[in-house]
Each structure stands twice: as structure tokens, then as C-alpha cells.
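The values are calculated or read from the model by the stated rules, or taken from the named source; none is laboratory data. Fair warning: this is a prediction, and the values are worked out from it, not measured in the lab. As a convention, Cβ positions derive from the backbone with ideal geometry for all residues, glycine included, and neighbour counts pool all protein chains shown. Remember, those area values only see protein heavy atoms, side chains included, never the ligands or the DNA or RNA. Shrake-Rupley method; radii C 1.70, N 1.55, O 1.52, S 1.80 Å.
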Amino acid sequence: RDKTNRIKIYANICGMNCVNEALKYDPDGIGLFRTEYLFMNASKPGEEEQFEVYKSILEKMNPRPVIIRTIDLGADKNAPYLNLEAEDNPAMGLRGIRLCLNKPKLFKTQLRALLRAGVYGNLSVMFPMITSVNEVKKIKAITEEIKAKLTKENIPFAENIRFGVMIETPAAVMVADELAKEADFFSIGTNDLTQYTLAMDRTNPSLEEFYDTHSPAVLKMIKMTAKAAKENNIPVGICGELAADTSLTEEFIDMGIDELSVAIPQIAEMKKKQ
Ligand code: PEP
Ligand code: MG
């Protein structure tokens, strides 16, 4: 494959410690920083603390792209100080972007830290568990509000940050053509997309015999998403575990997938596929 259009291999990370480890394998960028890990300790990180983490990762990776995902708490990931109510169906509950839209202060603090940190590198921000265009519009309105406030306060921030949508619900796949008009890029979260498409709990070991990671239904969802992205000229990546399945790499390339973001131990093997 010619070097200019080869598929990119990015790293999934959960904090600054992983960045040095990831860099040993020379990834093309960071495709998923799961920021909720910053929030799973005893106390909540404030704006400054978050800003410092995002800034150091961006500086370390610069000029390589870094995709930071906003907090994806709820479901199996909890933060003690949020006092989240127990739910009968947490995987389908107040999680991901819903939790952030439900707790605007938490969300706004993170977005402010991200906008400010964007000055120090090549930043993209993406949102988990999107199901509708309406959610993206709400996020955009909140972002505009924060930018206006930062401008007023004379605090520098990056104007050119790309905003992406995670495609990890069947609803997002079905409206991918409309989402693609609002988003700068897509990143397909195959872990949740598989769980919700097959209606099978990804954490339930008794489902192993039914849980088909190569389910034709899921592969069709990925293909539909890639098509919507291509038709609207936005890049599309995969950041779920399926990204590292080398038996599917050629198929993903044929579908038009631009980037595969994988766990650090898998980068070296994936780079052979470029
Ligand atoms: C996914 O759902 O595929 C994903 C990348 O996000 P997480 O595994 O953190 O839910
Ligand atoms: Mg997910």
C-alpha cells in the first residue's frame, strides 16, 4: 500500500502513563483516550487538573493526532462522588453522553479543559453513546457557550478542534448519514455496538457461545457507517476490540475505514498490516 493512503494505526490509552508505553511502538496517533479513568478515583478532577493531563498528552504526541473521548461513566464504570442511582438496566441507563447532558457542570468543566488544552497539540474530541442528531446539536450549543465565555475571559483556546461522534448504538448507525453532516469524524465502538446490536450483555460470560464477534449484523453496521462517512467526506475509524482483529483488516480497508485504534500490546502486530 502506498504510504500516503495506508490505514492508520492508533493507540487506545487510559492516561498519561500509557503514552510513553504506546510511543515505544510508534503509533500514528491516539485513537481513544478513555477519560472516565481520571474520574474513577475518590475525588473529582477539577478543570486545572484535567487541563494539565490533556495538555501533557497533546504535547507528548504532537504533531500526531489525539482523540480524547469525553467521560463515559455509568453502566459498568462508576465514580463514587457522583452518587449515581442504582439502575435495573445500567447498560441502557444514564451513561455516556446522557450522563454528561444530565450533569452539565461536570460536562462543561471537561469541555473547557479540553478546549484550552487544544492549543498544545492536534486535538479531536469525541462523544460516547450518541443515539441522535439532537444530542450532537445540544453538545454543539454547549461548546459555543463555553467558547464565548473563554473569549470573554481572555483565556486562550483552540478554535480548530475536530468534534467526532462514536458510533456504538444501532440508532447511531441508522442515522449515520445525518450524523455525518454534523460531525468531523466517526469512531466505531464495536464493543458496545456488538452488545446493543446482538442484545447481549458484553460482560456476561454465560453468553460466550452466542456472542459472535464476527456477526454479519455487526459487520453490516460497520459497512453502513463507513459508507455514510465516505459519502459525507469525513474520516471513520474503529476503536473497539474488533479493530485489532487482523482477520478483518483487509475487509475494513475495503469498507473505507481510515484508522484502527487498538490496545498498546496490539500495535506492533497491526503495524505489519499497513
Ligand atoms: C466500544 O464500545 O467499542 C468502545 C471503544 O468503548 P468502551 O469499550 O470504552 O465502551
Ligand atoms: Mg463503548
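See the values below:
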| read-out | value |
| --- | --- |
| Residue within segment 57-74 that is assigned to a helix (DSSP H, G or I) and either within 25 Å of Met129 (Cα to Cα) or small (Gly, Ala, Ser) (or both) present | yes |
| The lone exception for Phe51 - which of (1) open to solvent by 50 Å² or more (accessible area, probe 1.4 Å); (2) closer than 21 Å to Ile139 by Cβ it fails | (1) |
| Segment 20-51, subset of a type in the set (D, E, K, R) and part of a loop (DSSP other than H, G, I, E, B), residue nearest to the chain's Cα centre (by Cα) | Asp28 |
| Complete set of residues in segment 21-42 that are open to solvent by 80 Å² or more (accessible area, probe 1.4 Å), more than 16 Å from ligand 2 (Cβ to nearest atom) and free of Cβ contacts under 8 Å to residues at least 60 places away in the same chain | Lys24, Asn41, Ala42 |
| Count of residues meeting criterion [within 14 Å of ligand 1 (Cβ to nearest atom) and of a type in the set (D, E, K, R)] in segment 27-58 | 2 |
| Per-region count, segment 231-242, residues open to solvent by 80 Å² or more (accessible area, probe 1.4 Å) and more than 23 Å from Arg202 (Cα to Cα) | 2 |
| Contacts under 8 angstrom Cβ, first residue in segment 206-235 being at pLDDT below 95, partner part of a loop (DSSP other than H, G, I, E, B) and open to solvent by 90 Å² or more (accessible area, probe 1.4 Å), 6 or more apart | Tyr211/Arg202 |
| All helices (runs of 4 or more DSSP H) inside segment 91-188 with 2 or more residues being open to solvent by less than 10 Å² (accessible area, probe 1.4 Å) and out of contact with any strand residue (DSSP E or B) (no Cβ under 7 Å at 6 or more places or on another chain) | 104-117, 133-152 |
| Lone qualifier among Ile253, Ile264 - being over 14 Å from Ile7 (Cα atoms), more than 16 Å from ligand 2 (Cβ to nearest atom) and touching a residue at least 60 places away in the same chain (Cβ under 8 Å) | Ile264 |
| Conditions (1) more than 16 Å from ligand 1 (Cβ to nearest atom); (2) within 26 Å of Asp76 (Cβ to Cβ); (3) not charged (D, E, K, R): number failed by Leu242 | (1) |
| Qualifying residue in segment 138-150 (condition: closer than 24 Å to Pro63 by Cβ and hydrophobic (A, V, I, L, M, F, W, C)) | yes |
| Among (1) surrounded by fewer than 23 Cβ atoms within 10 Å (Cβ to Cβ); (2) more than 16 Å from ligand 1 (Cβ to nearest atom); (3) within 25 Å of Glu135 (Cβ to Cβ) - the single one Ala217 does not satisfy | (2) |
| Where a residue in segment 52-80 is at positive phi and its partner, wherever it lies, is open to solvent by 30 Å² or more (accessible area, probe 1.4 Å), with Cβ under 7 Å and at least six apart | Gly74/Leu84; Gly74/Pro90; Gly74/Leu94; Ala75/Pro90; Ala75/Ala91 |
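Every residue, every condition in (1) touching a helix residue (DSSP H, G or I) at 6+ places or on another chain (Cβ under 6 Å); (2) among the hydroxyl-bearing types (Ser, Thr, Tyr); (3) outside any helix (DSSP H, G or I), yes or no:
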| position | (1), (2), (3) |
| --- | --- |
| Lys227 | no, no, no |
| Lys230 | no, no, no |
| Gly237 | no, no, yes |
| Ala243 | no, no, no |
| Ser247 | no, yes, yes |
| Glu250 | no, no, no |
| Val262 | yes, no, yes |
| Ile267 | no, no, no |
| Gln274 | no, no, yes |
